[in-house]
Amino acid sequence: MKVLIPLLMLPLLSCGQERASYQVGCSDVPGSFLIHVEGVLTDSTDLFQGAYPPATPLSCALLGMLHEELRNDSARYCFEQLARRHWMEDPHARVTHAYIERHHSFPLAMAATAHWNEDHRIRGLNELQEYRRIRPMVCTTKEGSEQLLRQDRAAVRYLISVLESTPLYIPGSENATIHGAYLRAVVKTIDQFIGQDHLFRRGEDLLPFPGDAVVQRTIDDAQQWLGE
C-alpha cells in the first residue's frame with residue numbers, strides 16, 4: 001500500500017541545510033582540528049532553513065594558516081565566537097570582527113568568509129579588502145613578503161572556488177538581495193588582490209549585480225593572475 005505524505009510535511013522530513021564538509025584529507029592539520037572548524041563554521045541547527053547556499057569550505061592551505069593562527073589564545077577565543085551556540089548572545093560576533101580589524105588577521109578574516117551566515121561572509125570579505133589595501137604600508141622582510149604572497153594566492157584560489165561553486169541567483173527578495181551583495185563582495189575582493197575592476201563598465205554606473213559574464217571574466221582574470 002502506497003503511503004501518501006502531505007506536502008506540508010515534506011519540509012519536516014528534509015535533512016536541513018546542506019553543510020560544508022571539512023572531512024577531507026588535509027595532511028598539514030589534525031583531523032580533530034577539521035572537526036572543530038566544521039563545528040564552528042557550519043550550523044547543524046539550520047537556523048535560516050536553507051535560505052542561503054552553504055559556504056564553500058576553506059582550502060587545506062587556508063586551514064593550515066588558521067591552525068597556526070589559533071595557537072594564540074585570543075585568536076582561538078575570537079574564532080570560537082563565530083559558532084552557532086553564541087548566536088543568541090552576539091549574532092554579529094563583535095569581538096571577533098574587532099579582533100580581525102585590530103590585528104589585520106588574515107586567517108580569521110578568511111574563516112569569516114566561510115561562515116554559515118552570509119552577513120558574516122560579507123564582513124569577512126570587507127576585512128580581506130582592507131587587509132590587502134594597507135599592503136603598501138607594510139614593512140617586512142623578504143621572507144615576510146613571500147608569506148604575504150602565499151596568503152594572497154591562497155585567498156584568490158579560494159574565492160575562485162567560491163564563484164565556481166555558489167549559485168548566482170537564489171529565490172526570495174531580501175535573501176536574494178543579500179546574496180547579490182555577497183557575490184559582489186567576492187568579486188570586489190578578488191579585484192582588490194589582482195588589481196582589476198570587474199564591477200564597472202565604461203560610461204556606466206556601478207553594475208547592479210555580478211551576472212554570469214562578469215563572474216566568468218573575474219575567474220578568468222584571477223586564474224591568469226595566478227598563472228594557472
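The values are calculated or read from the model by the stated rules, or taken from the named source; none is laboratory data. In this text the structure is predicted, and so the values were computed from the model without any measurement. Here Cβ is always computed from backbone atoms with ideal geometry, including for glycine, and neighbour counts include all displayed protein chains.
Data table
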item	result
Some residue of the range 177-189 being more than 16 Å from the chain's Cα centre (by Cα) and assigned to a loop (DSSP other than H, G, I, E, B)	no
Which listed residue is over 16 Å from the mean Cα position of the chain (by Cα), among the hydrophobic types (A, V, I, L, M, F, W, C), assigned to a helix (DSSP H, G or I) and under 19 Å from CYS60 (Cβ atoms), from LEU159, LEU149	LEU149
Per-region count, the range 48-73, residues assigned to a loop (DSSP other than H, G, I, E, B) and free of Cβ contacts under 8 Å to residues at least 60 places away in the same chain	6
HIS67 at pLDDT 95 or above and more than 20 Å from ILE194 (Cα to Cα)	yes
Those residues of the range 98-121 which are touching a residue at least 40 places away in the same chain (Cβ under 8 Å), in a helix (DSSP H, G or I) and within 8 Å of the chain's Cα centre (by Cα), in sequence order	MET110, ALA111, THR113, ARG121
Any hit, the range 22-38, residues being touching an Asp or Glu at 6+ places or on another chain (Cβ under 6 Å) and not in a loop (DSSP other than H, G, I, E, B)	no
Among (1) farther than 21 Å from CYS26 by Cα; (2) surrounded by fewer than 17 Cβ atoms within 10 Å (Cβ to Cβ), the one test that ARG71 misses	(1)
Of all residues in the range 125-149 being touching a helix residue (DSSP H, G or I) at 6+ places or on another chain (Cβ under 8 Å) and free of Cβ contacts under 8 Å to residues at least 24 places away in the same chain, the one that is farthest from ALA111 (Cα to Cα)	THR140
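Here is a yes/no grid of residues against (1) surrounded by fewer than 20 Cβ atoms within 10 Å (Cβ to Cβ); (2) at pLDDT 95 or above; (3) in contact with a Phe, Trp or Tyr (Cβ under 6 Å, 6 or more places away or on another chain); (4) of a type in the set (Val, Ile, Thr):
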{"residue": "SER145", "(1), (2), (3), (4)": "yes, no, no, no"}
{"residue": "LEU148", "(1), (2), (3), (4)": "yes, no, no, no"}
{"residue": "TYR169", "(1), (2), (3), (4)": "yes, no, no, no"}
{"residue": "SER173", "(1), (2), (3), (4)": "yes, no, no, no"}
{"residue": "THR177", "(1), (2), (3), (4)": "yes, no, no, yes"}
{"residue": "THR189", "(1), (2), (3), (4)": "no, yes, no, yes"}
{"residue": "ASP197", "(1), (2), (3), (4)": "yes, no, no, no"}
{"residue": "ARG201", "(1), (2), (3), (4)": "yes, no, no, no"}
{"residue": "LEU206", "(1), (2), (3), (4)": "yes, no, no, no"}
